[in-house]
Every structure is written in C-alpha cells, then in structure tokens.
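Below is one structure, written out as structure tokens, with a few remarks after it.
Any read-out appearing in this document is the output of simple, stated calculations on the displayed coordinates, not a laboratory observation. Computed from a predicted model, the values in this text were never measured in an experiment. Glycine also receives a Cβ, built like all others from the backbone with ideal geometry; neighbour counts cover every protein chain displayed.
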Amino acid sequence: MNVNLEKLVDLFLLKHGTSTDPINIFFAPGRVNLIGEHTDYNYGVVLPCAINYGTFLLARINHTNKIRLSTTNFRYSTTVTIDNSFQPHSNEWVNYPLGVFNEFFKMGISIPALDLLYSGNIPSGAGLSSSASIEMITAFAINDISALNLGMIDLIKMSQRAENSFVGVNCGIMDQFAVGVGQRDHAILLDCKTLEYEQVAINFTDYILIVANTNKKRKLSDSKYNERVLECNKALNILKKYAPIQALGDLSVDDFEQYKTNIEDDILRKRVAHVVYENERVRQATEALKSNDLSSFGLLMYDSHSSLRENYEVTGYELDSLVEAALAQKGVLGSRMTGAGFGGCTVNLVHQSHAEEFLLNVEQVYYRKTGLMPDFYQIEISGGVRRYS
C-alpha cells in the first residue's frame with residue numbers, strides 16, 4: 001500500500017498540534033471474498049482474504065473529554081464528547097467509528113480522549129469492506145492504547161454489532177473477521193455459526209487476482225441487502241417447521257432437496273437454493289485450493305456468480321457485464337462479483353502474462369456496454385489489523 005506516512009504525520013500535526021504524547025499508527029486491511037457470498041448472515045461458510053488495500057489510523061491521546069475525528073478521504077470532520085452515549089450522525093463515514101465507540105460504552109468500558117486521523121485507499125462503496133476496515137482499526141486502536149487486553153474475536157464481534165445496530169446494515173461477521181485474522185498468502189475458511197476457521201494456504205503460481213470496480217455507486221443501508229436478509233429469515237421460519245435447523249447454513253444439499261417443496265414462494269426457494277449450494281461451492285473451492293486445482297476453483301467462481309445472478313438476484317447489469325467481459329479474455333480462469341452486490345466489484349483470476357491485455361480489453365468492453373469506466377486493482381493477500389509503528 002503506497003502511503004506516505006511522513007506526510008500523514010505532518011497533516012496530523014497541522015490539524016492537532018504538537019504534544020509530548022506519542023502518535024500511534026495502525027493499519028487495517030480491506031478484504032476480498034473469493035467465494036461464499038450472502039452466506040455469512042445465514043451462518044454458512046465463507047472464504048475471504050485480507051488485502052493490501054486498507055486504512056491507516058493515526059491516534060494520539062489529547063487529555064480532554066473529546067474525540068476529534070478527521071480523514072484524508074472526505075472533507076468532513078467532527079468532534080464528539082465522551083461523557084455520554086454516542087448517536088448516529090448525518091455524515092455517513094463517521095458512523096463507523098462512532099458505532100465502535102458506542103459498543104465500548106455499552107460494555108461499560110471508558111475510552112480515552114483521542115485525536116484520530118483516518119486515511120485509506122479502499123474505494124468507498126466498492127464492496128471491499130472499507131467499513132469493516134474502519135470499524136476494526138478503531139476497535140483495535142482503542143484496545144491497544146488503553147491496554148484493555150480484549151481478544152481479537154471480541155473486537156470482531158464489537159465491530160459487527162456496530163455495523164448492525166448503529167450503521168443499520170444487517171451484515172454477517174465475515175468482513176470484520178477477515179480484517180481481524182487475515183494472514184499473508186492465506187484465505188480464511190470460516191464457519192460463521194461456530195466461528196471456527198482455518199487458514200488455507202494459497203499458491204496461485206503464475207496467476208494473479210485482479211479486482212474490477214464497476215464504479216456504480218450504491219449504499220448498502222438503502223439497498224436491497226437488508227431485504228435479502230429478511231427473505232432468508234422468512235424462508236428459515238418456514239423450513240423450521242419441517243427440518244431441525246436453526247439457520248439456513250445448517251441445511252445440506254440433500255436436506256434442501258428434501259424440504260424445498262415446503263417453500264411455496266418461488267423467490268424464497270431461490271434464495272435458499274443459493275445459500276445451500278453456495279456453501280457447498282465454498283467447501284469444494286477450499287479443496288481445490290488445497291490441491292492447487294485452479295481450473296476447478298475458477299469454474300466454482302463463475303458458478304457462484306451465476307447463482308448470485310439467477311437465484312439471489314444481487315448482481316445487476318454492470319456486474320454481469322464485467323464478468324462476461326472478463327470470461328471472454330485469454331488467461332482468465334474465473335470471475336465473479338465479490339461483496340454484497342448491487343454494484344461494487346468483481347474478483348478475477350488471471351494469468352499474469354495476460355494481465356495487461358485483460359485490463360485493456362475489459363475496460364473497452366465494459367465502457368461500451370455501460371458508459372462507465374471501471375477501475376482495476378491488482379491485489380495481494382495481506383495480514384490483518386495491526387499496530388504499524
């Protein structure tokens with residue numbers, strides 16, 4: 001991640017002045033989900049990894065009763081007092097750290113008065129978890145500076161609760177988990193019900209991951225994301241009458257085929273079909289990675305996208321156009337939307353010898369079909385949230 005930390009420190013000092021207290025620097029990655037979409041809040045399995053794009057946070061105790069928040073990514077900054085509970089704000093980005101502050105407050109934990117400067121290069125709204133990155137780096141920094149000794153899983157759960165209850169997005173735990181426990185050159189096979197996870201080594205040899213951004217703007221809290229959560233809950237309540245399950249992630253493929261006729265609503269049945277078969281694809285993809293069978297892994301990526309298009313209906317013209325353009329190129333093993341959908345990004349497994357051709361051709365095809373210019377990011381698989389210095 002190309003960030004000039006000296007300039008960030010200079011900007012921090014310009015905003016907040018000099019002090020004998022140290023400036024603490026932290027980094028939290030974004031994440032890309034290789035496969036396993038919309039299964040996390042259904043307590044299924046997912047296979048994300050942390051990436052080298054992320055968020056830096058400079059933090060220093062200021063000996064007041066206030067927290068001052070600013071960022072290099074937006075003009076808006078604000079100051080909040082810490083002698084009462086925190087309330088959602090009309091400016092969206094600050095709600096992610098404010099939600100985390102509020103989780104500490106609800107736990108009865110006093111947090112220090114801090115000057116905070118965030119700086120990230122995760123594209124906002126791209127589906128690469130800029131929100132989870134901000135939440136996790138905030139929780140980690142407070143835990144570190146205050147020597148609270150909370151475990152990483154505690155910080156992950158706090159950050160998820162902040163997004164659910166404060167921001168208003170009913171997300172599962174995958175994003176925060178990947179940001180928290182990511183390891184370099186490993187994907188995370190996570191069971192979102194038990195939180196048991198396995199670090200799965202990745203060796204793409206001559207292949208690289210390229211993320212393509214549709215640049216179609218969307219806001220999850222106003223999108224159909226929460227609608228999909230409600231649909232899954234409706235289907236679950238129906239299936240509970242016939243099957244001994246507590247979540248859709250408990251259903252095996254055989255279970256679904258046995259009980260699916262009890263779901264009379266075609267739309268709800270399609271939603272469950274995606275969740276059940278996507279869980280199976282995650283398991284198969286994990287085995288493909290372990291045996292270095294990249295061709296099978298790539299096919300599973302496309303099968304995932306097809307299900308997200310046909311059964312879950314969260315892709316849309318822009319994402320579908322990017323995937324179709326990618327799969328028509330030489331050296332591409334797989335392509336799929338990653339993240340919640342409704343815009344955002346695709347992730348593509350491309351042979352490095354065809355990378356330049358891929359970028360040029362996909363950009364031209366996508367622009368011709370949509371009138372939008374995509375952005376591309378060649379990503380590396382990174383470690384999780386950490387103190388940087």
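Of note:
- Cα long-axis angle, helix 317-327 against the chain (0 to 90 degrees, to the nearest 10): 70
- Build a GNM of the chain with springs between Cα atoms under 10 Å apart, and of PHE101, PHE74, PHE56 the one that fluctuates most is PHE74.
- Separation of alpha-carbon centers, region 309-360 and region 156-212, rounded to whole Å: 20
- Selection from CYS171, SER119, ILE67 lying farthest towards where the dipole of region 5-200 points positive, charges on Cβ: ILE67
- Between 0 and 90°, nearest 10: helix 95-106 axis offset from the chain longest Cα axis: 70
- Sorted on the mean count of surrounding Cβ atoms within 10 Å across their residues, most packed first, peptides 42-52, 179-189 read 42-52, 179-189.
- Ordered by the count of other Cβ atoms within 10 Å of each Cβ, fewest first, MET301, MET136, MET152 give MET152, MET301, MET136.
- Evaluated at q = 0.19 Å⁻¹, a Debye calculation over the C-alpha positions of region 63-119 (equal weights, vacuum) places log10 I(q)/I(0) at -0.64.
- Shown for region 202-379: lysine pairs separated by 8 or more places, or found on different chains, whose C-alpha atoms are under 18 Å apart, numbering 11.
- Candidates THR370, THR205, THR286, ranked by Gaussian network fluctuation over the chain, Cα under 10 Å, top entry: THR205
- Over region 135-291, volume per residue of the alpha carbon convex hull, in Å³: 166
- Stokes-Einstein D in µm²/s, Kirkwood radius over Cα pairs - the chain at 20 °C with 1.002 mPa s viscosity: 100
- Rounded to the nearest 20 debye, dipole of the chain from Cβ charges on Lys, Arg, Asp, Glu: 880
- Neighbour-count ranking [beta-carbon atoms within 10 angstrom, fewest first] of GLU324, GLU6, GLU135: GLU6, GLU324, GLU135
- Shape of region 202-379 from the C-alpha gyration tensor: oblate (a/c of 1.5 or more and a/b not above b/c, with a ≥ b ≥ c the square roots of its eigenvalues).
- Proxy reagent accessibility, fewest Cβ within 10 Å first, across MET337, MET107: MET107, MET337
- Only Lys, Arg (+1) and Asp, Glu (-1) charged, at Cβ; region 178-246 dipole about Cα centre in debye: 560
- Pairs of alpha carbons in region 47-151 whose separation is greater than 24 Å (percent): 20
- Placed amide H near VAL332: partners under 5 Å, 5+ positions off or other chain: HIS351
- Computed from Cα atoms alone, the Kirkwood hydrodynamic radius reported for region 5-200 is 16.9 Å.
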